[in-house]
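Worksheet for the structure shown next.
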Amino acid sequence: DNHSQSDNNSKNGDQQNSATSDGNITTTINNSNNRIKLELTNLGTSTHQINRLLQTNYEWKNLNPFYVLDIPHTIDDESIIAARYRALSLLVHPDKCPDDPIRAKTAFEQVRRAMASMNDEDKRRHVRALIDQGMKQGKRDFEEELRRTSGTKYVDTTKLSDAERQTLQQYQQKATMKIFAEIEQSRRDVEYRKRKFEQRERAQEDEEKEKEKKEMEHDKKWREVTRVEKRVGNWREFQGGGGAAGSGKKKSRWG
C-alpha cells in the first residue's frame, strides 16, 4: 500500500510538473506574441518601413543594424531585439506587401542582414561601441558648430532648445553613419585589392602555362624537323655511296 501510494504521488507530481512546464511555455508564447503585436503598433505601416529602409543611400545607412531595426543602441535584451526583428520582418515581408513585392523583398533582406549581426554577441558589442563613438563625435561636431555660430566658448548641451536637440541628433546620426561607411569602404578596398591580386596571379599563371605550352610545341616541332633532316641525310648518304659503287669499274690485274 505504501509503495502504491508513493507511485501515485510520483505520478501526480510528474503531471503537475508537466502542467506547470506547459503553462510556462504557453505564457512565454503569449508574452512573445503580445510583444510582437506591441512592436507592430510602434513600427507603423509597411509602406513607412519600406520607405525608411530603402531611402537614399540606404546601403550605407543600413550598415548600422540598430538603425535598421529602429531601436536604441543601448538595448541589449535579446528578447526585445528578437521581438522587434520578427515584427519588422512580418511588416515588410513580400507576402505581406502584394502591392510592392520587389521593394519589400529588398527591405526584408536588409532586416535579415541586420539581425545576422545582432545574433552575434561580439558583433553586437562592436556595433554598440561604434555607435557610442559616433555619438561622441557628433556631439563634438555640434558643439564646435554652435560655438562658431554663437561666438561663445562654452556650450551647455543640457539647456538646448528642441530645435537644437534635433540638430544634435542629426550631427550624431551623420557622424555614426560616417564611421560605419568608412569601415565598410575599407573592407571593400581590401577585397578589391585582394581580387586584383588574385587576378594578376591567375593571369601570370595563365601566361606561364601558355609560354610553357609554346615552348613544348616548339621543342616538339624541332625534334620532328631534326628527325626528318636526319632521315633525309642518311638517305642521301646511302644514295651517294651506292651510286659510286655502281659506276666505278673494277680494274683487272693485267690492266
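The values are calculated or read from the model by the stated rules, or taken from the named source; none is laboratory data. Every value quoted in this text rests on a predicted model; they were computed, and no experiment measured them. All Cβ positions, glycine included, derive from the backbone under ideal geometry; neighbour counts span all protein chains shown. Accessible surface areas use protein heavy atoms only, side chains included; no ligands, DNA or RNA. Shrake-Rupley method; radii C 1.70, N 1.55, O 1.52, S 1.80 Å.
How large is ³J(HN,Hα), in whole Hz, for each residue of segment 178-183 in order, when computed from phi with the Karplus curve 6.51 cos²θ - 1.76 cosθ + 1.60 and θ = phi - 60°, using x for Gly and Pro?
4, 4, 5, 5, 5, 5
With θ taken as phi - 60° and the coefficients 6.51, -1.76 and 1.60, list the Karplus ³J(HN,Hα) couplings across segment 192-197 in order, rounded to whole Hz; mark glycine and proline as x.
5, 5, 5, 5, 4, 5
For the pair Arg200 and Arg140, how long in nm is the line joining their label points, each one 7 Å along Cα→Cβ?
According to this spin-label approximation, the distance is 3.6 nm.
Go ahead and run the numbers for FRET between Asp100 and Arg193, Cβ-Cβ distance against an R0 of 51 Å, rounding to 0.05.
Plugging the Cβ-Cβ distance into 1/(1 + (r/R0)^6) gives 0.85.
If each residue of separation counts as 0.36 nm, what is the full-extension length gain between Arg223 and Leu90 once their alpha-carbon separation is subtracted?
40.5 nm
From the protein chains alone at 1.4 Å, what is the descending order of accessible area for Ile183, Ile50, Ile102, largest first?
Correct descending sequence by accessible area is Ile102, Ile183, Ile50.
What does a probe at Thr167 reach in segment 128-155, counting residues whose amide N is under 20 Å from the point 7 Å along Cα→Cβ?
It comes to 135-155, nothing else.
Heavy atoms of the protein only, probe of 1.4 Å, neighbouring chains included. What is the accessible area of Asp132 in Å², nearest 10?
Rounded to the nearest 10, that gives 60 Å².
Heavy atoms only, probe 1.4 angstrom, no DNA, RNA or ligands counted: give me Trp235, Trp60 ranked by accessible area, highest first.
Putting Trp235, Trp60 in descending order of accessible area: Trp235, Trp60.
For segment 157-202, which whole-number percentage of the solvent-accessible area (1.4 Å probe, protein heavy atoms only) is attributable to carbon and sulfur atoms?
Roughly 49 percent, rounded to a whole number.
In the calculated pair distance distribution of segment 99-227, what percentage of Cα-Cα distances lie above 26 Å?
59
Please work out the FRET efficiency for the pair Glu59 and Lys213, using the Cβ-Cβ distance as r and a Förster radius of 51 Å; give the result to the nearest 0.05.
Working from the Cβ atoms, E equals 0.70.
Full extension from Trp235 to Ser79: what is 0.36 nm times the residue separation minus their Cα-Cα distance, to one decimal in nm?
46.7 nm
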